[in-house]
Amino acid sequence: MSADHSPAGEPARMLELLWGTASPPSRGPKPALSLAKIVDAAVQIADAEGLAALSMRRVAEELGFTTMSLYRYVSGKEDLLELMQDAAAAPPPDVDLDSMPDDWRGAARWWATHNIEMFRRHPWFMDIPLSGPPMGPNQVRWMDRLLGALAGTGLSPGEKMGVLTLLSTWALSAGRLELSIMEGASRTGVEPDDWDPLYGQLLSKVVEAEEFPALAEILTAGIFSGPEPDGDEGNTADQPGDPEGAEFSDDLTFGLEVILDGVEALIARRMTTSGRDSASKP
């Protein structure tokens with residue numbers, strides 16, 4: 001494969017690796033080693049020990065090959081990380097993409113919460129800097145499912161992509177926040193579920209109503225330690241179309257539902273505009 005130094009050369013080379021269209025190595029122990037085995041071993045190491053433990057040498061040792069053997073299939077760790085991200089996006093055996101709800105909102109909720117579940121299975125995914133839009137077959141398949149769920153909403157193709165980007169950003173941000181809080185438990189000694197009441201107690205000692213009136217109102221209402229507020233928010237596990245047994249905090253639920261409310265308002269606006277346009281035609 002000849003080197004391509006054009007701006008699109010590197011993404012094009014990565015696309016070949018992700019989709020398996022690159023020319024196979026002409027040398028090396030072909031029957032015993034493959035790109036799929038290399039990626040699978042790397043994912044297992046990262047799942048068990050995190051990205052800090054991952055190196056080309058470590059993967060080679062796990063597979064029983066020399067490090068140079070790996071370089072016949074993948075040019076380096078950066079390529080391997082991108083391949084790992086797409087491998088992590090593969091639906092687990094208990095997830096059927098065809099089980100996604102038929103209504104756009106249920107489908108969007110299902111799609112977004114399954115992204116969170118993927119981050120929980122592979123937390124190292126969020127430690128890899130994004131180098132561009134997703135190009136691998138697994139990530140592209142997830143994209144296609146959400147875009148398909150938005151068919152018939154009246155949104156333009158660009159707006160559908162905007163909704164996908166918005167939900168992807170929410171899931172990634174929520175996943176990173178959740179992981180940071182969980183990792184912080186080992187440093188602070190406070191478990192994630194214990195933070196709200198403790199936070200309310202600590203702030204109550206220093207927040208004066210005259211200086212911080214808005215926050216004092218929140219504390220007085222017992223938001224951090226009292227019953228859940230009334231409304232549609234709540235655990236997303238109670239929402240139709242969510243991963244079975246999934247548990248999400250009220251904050252995650254609230255944020256996702258507000259986003260979906262906004263998308264619903266946009267869809268209603270597009271439907272109204274479409275109706276007016278149709279009525280104005282002779």
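Quick look at the numbers
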{"quantity": "Test: residue in segment 66-74 that is modelled with pLDDT of 95 or more and under 28 Å from I116 (Cα atoms)", "calculated": "no"}
{"quantity": "Flag if F248 is closer than 30 Å to D96 by Cβ, aromatic (F, W, Y) and modelled with pLDDT under 85", "calculated": "yes"}
{"quantity": "Any hit, segment 152-167, residues being over 26 Å from T273 (Cβ atoms) and in a helix (DSSP H, G or I)", "calculated": "no"}
{"quantity": "Residue, surrounded by the most Cβ atoms within 10 Å (Cβ to Cβ), within segment 188-214, restricted to residues that are in a loop (DSSP other than H, G, I, E, B) and more than 33 Å from the chain's Cα centre (by Cα)", "calculated": "V207"}
{"quantity": "Top-ranked residue in segment 143-182 [being hydroxyl-bearing (S, T, Y) and surrounded by 14 or more Cβ atoms within 10 Å (Cβ to Cβ); ranked as nearest to A112 (Cα to Cα)]", "calculated": "S168"}
{"quantity": "Single residue of segment 46-57 satisfying the filter (touching a Ser or Thr at 6+ places or on another chain (Cβ under 9 Å) and free of Cβ contacts under 8 Å to residues at least 24 places away in the same chain) that is surrounded by the most Cβ atoms within 10 Å (Cβ to Cβ)", "calculated": "S55"}
{"quantity": "Residues located in segment 64-85, provided they are buried (at least 17 other Cβ atoms within 10 Å of the Cβ) and aliphatic (A, V, I, L, M)", "calculated": "L70, V74, L80, L81, L83, M84"}
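The values are calculated or read from the model by the stated rules, or taken from the named source; none is laboratory data. Please read all numbers here as calculations on a predicted model, not as lab measurements. Ideal geometry is used to build each Cβ from the backbone, glycine not excepted, and the neighbour counts take in all protein chains shown.
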